[in-house]
Structure formats: structure tokens, C-alpha cells
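Notes for the one structure printed next.
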Amino acid sequence: MSSSPSPSPPPLVAPVPAHGDDRAAWLTPGPRPSAPSVVVTTPAYDGANDANDCWLHVEVSDPHRVGDGLSKHIEYKISYWTNNASFASESGCVTRRYSDFEWLGRQLSASVDGAIVPLVPSKTLMHMDDPSSRGIEKRRAGLAMFMARIAAHPFMRKSSDVQVFLEDSNKSSWSSRLPWYERGVLSDSVSSVTSWLSTINTSDVSASLSSSMAIDALREKPQHTEVVDYVSTLKMRLEKLVSAASALQKHGKHTVGVYQEFCACLELLAGQEDKALKVFAPTAKGVWWDKTRALFAAMTTPQQDAAEAMRVEFLEPLEDVHSLCCALMAAFDARKRVVDHYNRVTAQIERIEAKLSTMGVPEPGPKREEKQKIELAASDLRIERTQTHERYERCCANMEHELLWFHTELATALGSALKKHVAASGRAAGSQSRVQDEHFCEIKKLFANKPEAFSS
């Protein structure tokens with residue numbers, strides 16, 4: 001029985017030095033590669049991609065296992081080269097684990113206004129701790145794409161979070177670098193005043209708050225809402241397409257298995273017939289099961305090639321485009337957090353102003369000091385609201401560039417995937433047709449007459 005060629009094993013991973021001079025040499029980046037291993041496109045910003053702009057080149061390599069027992073995990077070697085003057089060195093190496101990449105993604109989503117921050121490869125249900133496994137290699141490739149998009153982006157590559165990710169070897173400051181919406185952005189005085197105001201529940205304050213909020217609340221622009229709805233619908237349809245393509249690819253792999261099982265049955269029948277002919281009728285022609293087996297064995301390889309081409313040429317690009325849509329939806333969510341923060345600050349301002357209006361002009365003493373403290377808190381909040389509004393406008397302006405890049409990337413990726421899929425399907429169909437032509441003519445003649453099995 002012929003079988004399909006077994007896939008080649010993944011490349012062996014060289015042992016990683018644990019300490020000493022060998023590890024120091026291993027963590028030396030060496031000269032900058034002539035070209036990045038992952039080539040990506042970037043959004044176009046006016047003046048952000050000129051020759052005088054800083055550049056960053058990052059490579060992800062050498063997955064290796066660290067620790068034992070419950071602390072066992074995979075780390076990756078991260079090498080970088082840059083001309084950014086804020087970096088301590090023009091090049092360097094660090095090791096990072098999967099959760100570190102997740103941390104960087106969260107930080108960039110919170111700090112780079114309006115940017116489509118790439119997503120890290122999704123987690124799997126399988127526990128992957130073998131550095132030489134195909135799953136780890138796929139994750140390494142995904143992390144390399146993640147870092148390539150960040151390094152190529154005109155704003156993200158300048159982020160201080162990226163610098164910390166690439167330079168801070170002991171990750172000592174990571175826990176303190178919380179996203180802005182988790183940092184407690186208001187001063188202690190504002191927090192204490194707003195906490196005090198939360199205990200007040202008068203109808204006058206509530207009525208003033210409701211009327212003023214209706215006027216001052218920040219709302220998403222209609223065109224932005226339409227874009228969010230469009231991308232959300234596109235994301236859902238891509239999910240269905242990915243599911244259908246995955247089912248089709250699995251069907252192709254299943255067909256290969258059925259062909260192989262069928263060939264195995266024919267081979268057994270051919271063997272039994274050979275034994276029977278030797279015993280009962282040595283001169284008989286037999287049924288010739290082996291010729292039919294040869295036909296289906298020859299058809300197994302084109303079917304297997306078609307299933308693999310479906311995965312590489314169509315399914316994986318679709319998954320990448322779906323991931324891009326998810327990243328864009330995350331950017332929309334980040335902008336929505338800015339809007340919500342603006343409205344929360346506005347609500348706090350209105351509550352303070354409503355309270356101030358009821359205090360009048362107190363006499364010198366504790367009451368006046370209390371009012372001055374509240375007025376100072378209101379002033380801080382107004383500054384915070386102005387800064388938040390500027391941030392929202394910056395998000396909207398940057399997202400115009402990001403959406404143009406997204407549309408181009410989407411059309412290019414989907415068009416290329418569909419073109420390659422059609423070409424691969426055509427090659428598979430032609431290969432199967434040629435295989436059938438080579439084998440079927442003789443088999444058709446064979447079955448034109450009643451087989452003379454066990455007869456002379």
C-alpha cells in the first residue's frame with residue numbers, strides 16, 4: 001500500500017546557554033540583518049516615514065524552555081537594532097515569554113491614540129512546552145509578525161513601552177506602567193472631593209446634572225459609528241468564512257484518510273486473491289485489485305496537496321485578516337474608553353459645580369477653605385476634560401490614516417488569498433485529472449468484461 005509522504009520534522013532547536021560567557025555571547029545581537037525576516041506595510045502619516053525618522057528592527061527567534069514543574073514556560077530571544085536616541089544602545093537582546101507580549105499589546109492599546117495595535121497570537125487549549133514543536137514555531141512566527149508591525153509603525157515604534165519591553169532585562173518597572181485608564185488619573189484632592197460628593201443625593205443636583213450632561217456629553221460622530229458597524233459585520237462574516245474554509249480543509253484531509261483506508265482494503269483483497277490464485281487457479285487472471293489500488297493511491301497525493309494548499313494559501317491568510325479586524329475593533333474600544341472617560345469627568349465637574357452653586361459666598365473660615373478646595377478640584381477636572389477631548393480628536397485624526405491602511409491591507413490580503421486558492425484548486429484538479437487519465441483507461445478495459453477470477 002502506498003502512503004502519502006510524511007511531513008518533515010521541525011528543525012532542531014539549539015540549546016540555550018543558561019549562564020556565563022556563553023549566554024552573554026548568545027544575547028549579543030550581532031550586525032543588523034540586511035532585511036527583516038517579516039516584511040509588513042504601515043499606515044502613511046505625513047512626515048512620519050521620511051529618511052530622518054527613527055527606525056526600529058526587531059527579530060524574534062530561539063524559543064527555549066525555562067523553569068521546571070508549574071513554572072515551566074517558553075521564552076523567546078528578542079533582538080533589536082535602532083537609531084532611536086532614547087534607547088540606551090543601538091542594539092540589544094532580551095528574552096521574553098508570551099505574557100510579556102500580551103503586556104506590550106495592552107500598553108500600546110492604551111497609549112498610542114487611534115492606532116491599530118496588532119494582536120498577539122491567540123492562546124490554544126494545548127499546553128505547548130516543546131520548543132521544537134510545530135505549535136511553538138507557529139506562535140514564534142505570529143509573535144515575529146506582531147513585533148514587525150510594531151517596529152514598522154511610525155508611532156508605536158517610538159513608544160516608551162516598546163523601549164521598556166526591549167531594554168528592561170528584569171522587568172522591574174512593568175507593574176507600575178499601568179494603562180492610563182487604570183492609573184487613577186485624577187489628583188488626590190479631586191478624588192476626595194468626588195468621593196464626598198457621591199454621598200450627596202439631592203434633587204437639585206440631580207436635575208442640574210441631567211440637564212447639563214445632555215448638552216456637554218461627548219458622543220461618537222455618526223460616520224465613526226457607521227465604520228464600527230461595518231467592521232463589526234465584516235468581522236462576523238469573516239468568522240463564518242474562516243469556519244467554512246476550515247471545514248473544507250478538514251474535509252480534504254479526511255478524504256485523504258479515506259483514500260488511504262480504501263487503498264489498504266484493496267491491498268488486502270489483492271493479497272488474498274494472490275493466495276487464492278496460487279492454490280486454486282495459478283493460470284487465472286484474477287480481478288486485478290492492485291490496479292485499482294494504484295489509481296486511488298496516485299490520487300491521494302494531489303488530494304493531500306490540495307488540502308495543504310487550502311490551509312496555507314487561503315485559510316491562514318483569512319485568519320490573519322480576521323485578526324486584523326479584531327485589532328481594529330480593539331482600537332475602536334480604546335477610543336470608546338476615551339469618550340467614556342470624558343463623560344465621567346464631565347459628570348464629576350457638573351456635580352461639583354452644582355454643589356458650589358448651593359454654597360454661596362461663605363464667611364472666612366473652614367467653610368471658605370472647603371469651597372476653595374472644591375473649586376481647585378473643579379479646575380483640575382476641567383484641565384483633565386480638555387486633555388481628554390484633545391486625546392479623542394487625536395484618536396479620530398490618526399484613525400483616518402489607520403482606516404485607509406486597513407482597507408488597502410484588507411483588499412490586498414483577501415484578493416491575494418482568493419487568487420492563490422483558485423490557482424491551487426486548479427492545479428489540484430488538473431493533477432487529479434492527469435492521474436485518472438493515466439490509470440483509468442486500462443482499468444476501464446479491465447472491467448468492460450466479466451472478470452475471469454479463479455478460471456483458466
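The values are calculated or read from the model by the stated rules, or taken from the named source; none is laboratory data. Keep in mind it's a predicted model, so treat the numbers as computed, not measured. So basically every Cβ, Gly included, is an ideal-geometry build from the backbone, and we count neighbours across all protein chains shown. For accessibility, only protein heavy atoms count, side chains too; no ligands or nucleic acids. Shrake-Rupley method; radii C 1.70, N 1.55, O 1.52, S 1.80 Å.
At a glance:
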read-out: Among the candidates VAL361, VAL312, residue that is more than 29 Å from VAL256 (Cβ to Cβ) and either open to solvent by 20 Å² or more (accessible area, probe 1.4 Å) or in contact with a Ser or Thr (Cβ under 9 Å, 6 or more places away or on another chain) (or both); value: VAL361
read-out: Condition check for GLU369: under 20 Å from LEU218 (Cα atoms), open to solvent by 40 Å² or more (accessible area, probe 1.4 Å), part of a helix (DSSP H, G or I) and of a type in the set (D, E, K, R); value: no
read-out: Residue check, GLU350 touching a Ser or Thr at 6+ places or on another chain (Cβ under 7 Å), assigned to a helix (DSSP H, G or I) and acidic (Asp, Glu); value: yes
read-out: Residue list for the stretch 1-40, filter: in contact with a strand residue (DSSP E or B) (Cβ under 8 Å, 6 or more places away or on another chain), surrounded by 15 or more Cβ atoms within 10 Å (Cβ to Cβ) and either at pLDDT 90 or above or part of a loop (DSSP other than H, G, I, E, B) (or both); value: VAL13, VAL16, LEU27, PRO29, ARG32, PRO36
read-out: Positions within the stretch 54-107 being among the acidic types (Asp, Glu), open to solvent by 30 Å² or more (accessible area, probe 1.4 Å) and not in a strand (DSSP E or B), in sequence order; value: ASP68, GLU90, GLU102
read-out: Filtered residues of the stretch 295-306 (kept if small (Gly, Ala, Ser) and either surrounded by fewer than 20 Cβ atoms within 10 Å (Cβ to Cβ) or not in a helix (DSSP H, G or I) (or both)); value: ALA298
read-out: Pick from the stretch 158-180, criterion of a type in the set (D, E, K, R) and open to solvent by 20 Å² or more (accessible area, probe 1.4 Å), ranking: nearest to the chain's Cα centre (by Cα); value: LYS158
read-out: Pairs with Cβ under 7 Å, 6+ apart, first in the stretch 41-53 and open to solvent by 80 Å² or more (accessible area, probe 1.4 Å) and at pLDDT 80 or above, second among the aliphatic types (A, V, I, L, M) and in a loop (DSSP other than H, G, I, E, B); value: none
